[in-house]
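Read the structure below first, then the notes.
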């Protein structure tokens, strides 16, 4: 092969690899809704769905599936909540980082606007606020037995993760307690 042909072939190969990587990245980004739909069908009571910011760690437990959405954080939160609420088999228990209420806008520009949007979106929901490290520990513990879907957004504000624990949509804690009372010891 002549040097010119080798250079041309080499550059063509590099271009093909770069295009392939770019196409794969786009497919990951464009398929987050499909991943959500597929996982939601599999997920049930005690599974989790997380909507997280760009710095959320890529966890090593194989039960934790991370999907890079490339989407806006609030768009992903809205989509997930709508899908979970529409699913007949589960309902959402929502957790937020307790630290979120204390991050000053002067340190993280835009955080106040985010808090307002999130509060408006979740005003009809029961929301529990937990320290971030405690939430990470809960997720790690849950992943020992259950699958977790992490939808990673392009958001760059701290403590903005939304943790959704899925509960049974057709049998609640009160019904379970009543059932246990009917059962002999």
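Laboratory data are not the source of any read-out in this text; all were calculated from the coordinates shown. Just so you know, these numbers come straight off a predicted model, no measurement behind them. Don't worry about glycine lacking a Cβ; one is built from the backbone with ideal geometry, like all the others, and counts go over all protein chains shown.
In the range 55-174, inverting the average of 1/r over every pair of distinct C-alpha atoms gives 15.3 Å as the Kirkwood radius. Placing one identical point scatterer on every Cα of the range 132-185 and ignoring solvent, what is log10 I(q)/I(0) from the Debye formula at q = 0.17, 0.27, 0.30 Å⁻¹? After summing over all Cα pairs, the log10 values are -0.77, -1.11, -1.19. P(r) tail, the range 103-172: Cα-Cα pairs separated by more than 20 Å, 44% of all pairs. If the segment from residue 122 to residue 98 were pulled out straight at 0.36 nm per residue, it would be longer than the present Cα-Cα gap by 7.1 nm.
Counting other Cβ atoms within 10 Å as a rough exposure proxy, the listed residues 163, 146 run 146, 163 from fewest neighbours to most. Computed on the range 42-82, the Cα convex hull volume stands at 89 Å³ per residue.
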